[in-house]
Amino acid sequence: MQKRKANENRSEWIDALLSDRLAQFGVSVVFVLFVVAVFGPLVSPYSPAEQNMIHQLEAPSLVHPLGTDQLGRDVLTRLLHGSRLSLGIAVIVTTVRLVIGTAVGLVAGYAGGWIDEALMRLVDTLLAFPGIVLALVIAGILGPSLVNVMLALAVVGWASYARLVRSSVLSLREREFVTAARLLGRSRTHVTVRHLIPNIAAPVVVLATLDIGGVILGISGLSFLGLGAQPPTPEWGTMLASGRTYIRQAWWLVNAPGVCIMITVLGFNILGDCLRDRLSPAQSNQIEKL
């Protein structure tokens with residue numbers, strides 16, 4: 001009976017979400033992005049790295065819908081391959097942040113005492129620095145590499161998840177169903193897996209959805225500065241950096257990846273905002289504070 005009621009509530013929640021036009025836009029953008037990332041590079045007739053100096057800096061045409069760059073490479077093809085790269089990295093980094101932050105938040109909130117105090121002081125220390133600046137320092141120390149950028153962004157981003165999860169666990173551990181599980185002799189692992197994680201999943205997923213856009217911006221920004229993907233890798237930030245020299249004579253080199261970054265981040269942010277608005281007011285306020 002309870003499972004049926006939960007399924008009905010979930011169905012009503014999804015229907016209400018999809019009836020929102022802003023949510024429809026966000027879902028459409030994210031869906032199209034995933035389709036393009038998976039199938040786009042497979043249907044493109046050009047190579048993202050093969051140079052053709054005869055066709056360098058050609059304006060958009062039927063043959064090259066978004067023109068070519070300074071080395072004669074098809075810009076649309078590089079954007080399609082870049083979407084797979086940017087989205088894949090963003091999902092990996094966000095997943096690492098989510099796993100680390102959730103684990104730290106669960107331990108801090110459920111254990112309490114000096115463990116909670118020590119872990120949360122570490123979280124406060126990380127949150128005291130602007131994330132992109134700290135990632136810039138870490139990436140600069142490790143050296144220019146896409147892997148190093150991923151590590152830098154993962155290291156500086158998990159603290160928000162830890163704070164959100166700890167706050168939720170502190171509230172949940174005093175609820176009747178958790179107290180009843182303790183009285184029945186259930187282990188901490190059982191209580192965590194069966195009762196705590198399912199109840200913190202929704203706000204964590206919302207935060208992850210909002211976070212993906214920020215990760216894509218971080219990857220593009222660090223690559224633009226030369227600390228991320230290196231040429232000839234077709235990454236959006238790298239494409240922006242290499243095209244800025246020709247911005248006066250070949251506007252499409254900067255506009256194309258810039259618009260892709262803007263629409264992608266906007267889509268994830270709108271979807272995350274709509275998901276957040278569908279949560280309870282208390283959970284929404286917790287996410288807004290992060």
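Per-structure values
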{"item": "Filter result (without any contact (Cβ under 8 Å) to a residue 60 or more places away in the chain and under 29 Å from F224 (Cα atoms)) within the stretch 144-177", "result": "V147, L151, V155, V156, A159"}
{"item": "Residue list for the stretch 195-238, filter: part of a loop (DSSP other than H, G, I, E, B) and free of Cβ contacts under 8 Å to residues at least 24 places away in the same chain", "result": "P231"}
{"item": "Identity of the residue in the stretch 159-180, buried (at least 17 other Cβ atoms within 10 Å of the Cβ) and among the hydrophobic types (A, V, I, L, M, F, W, C), that ends up modelled with the lowest pLDDT", "result": "V178"}
{"item": "Qualifying residues in the stretch 118-162 (those that are out of contact with any helix residue (DSSP H, G or I) (no Cβ under 7 Å at 6 or more places or on another chain) and among the hydroxyl-bearing types (S, T, Y)) - the one farthest from E235 (Cα to Cα)", "result": "T125"}
{"item": "Count of residues meeting criterion [within 22 Å of R278 (Cβ to Cβ) and either acidic (D, E) or modelled with pLDDT under 85 (or both)] in the stretch 27-51", "result": "0"}
{"item": "Residue in the stretch 104-112 that is within 20 Å of the chain's Cα centre (by Cα), buried (at least 19 other Cβ atoms within 10 Å of the Cβ) and in a helix (DSSP H, G or I) present", "result": "yes"}
{"item": "Pair list, Cβ under 9 Å, 6 or more apart: the stretch 88-112 residue farther than 16 Å from V205 by Cβ and without any contact (Cβ under 8 Å) to a residue 40 or more places away in the chain, other residue part of a helix (DSSP H, G or I) and of a type in the set (D, E, K, R)", "result": "V107/D116; V107/R166; A111/R188"}
{"item": "Of all residues making up the stretch 139-155, the number that are open to solvent by less than 40 Å² (accessible area, probe 1.4 Å) and farther than 15 Å from I89 by Cβ", "result": "1"}
{"item": "Only one of R84, R121 that is over 22 Å from G228 (Cα atoms), of a type in the set (K, R) and open to solvent by 10 Å² or more (accessible area, probe 1.4 Å)", "result": "R121"}
{"item": "Selection from the stretch 17-36 of residues that are open to solvent by less than 70 Å² (accessible area, probe 1.4 Å) and touching a helix residue (DSSP H, G or I) at 6+ places or on another chain (Cβ under 9 Å)", "result": "L17, D20, A23, G26, V27, S28, V29, V30, L33, V36"}
{"item": "Residues (open to solvent by less than 50 Å² (accessible area, probe 1.4 Å) and in contact with a helix residue (DSSP H, G or I) (Cβ under 6 Å, 6 or more places away or on another chain)) located in the stretch 37-69", "result": "A37, G40, P41, S44, P48, G67, T68, D69"}
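The values are calculated or read from the model by the stated rules, or taken from the named source; none is laboratory data. For clarity, every value in this text was computed on a predicted model and none was experimentally measured. Using ideal geometry, Cβ is built from the backbone for each residue, glycine included, and neighbour counts are taken over all protein chains shown. In case anyone asks, the SASA skips ligands and DNA or RNA and just uses the protein heavy atoms, side chains included. Shrake-Rupley method; radii C 1.70, N 1.55, O 1.52, S 1.80 Å.
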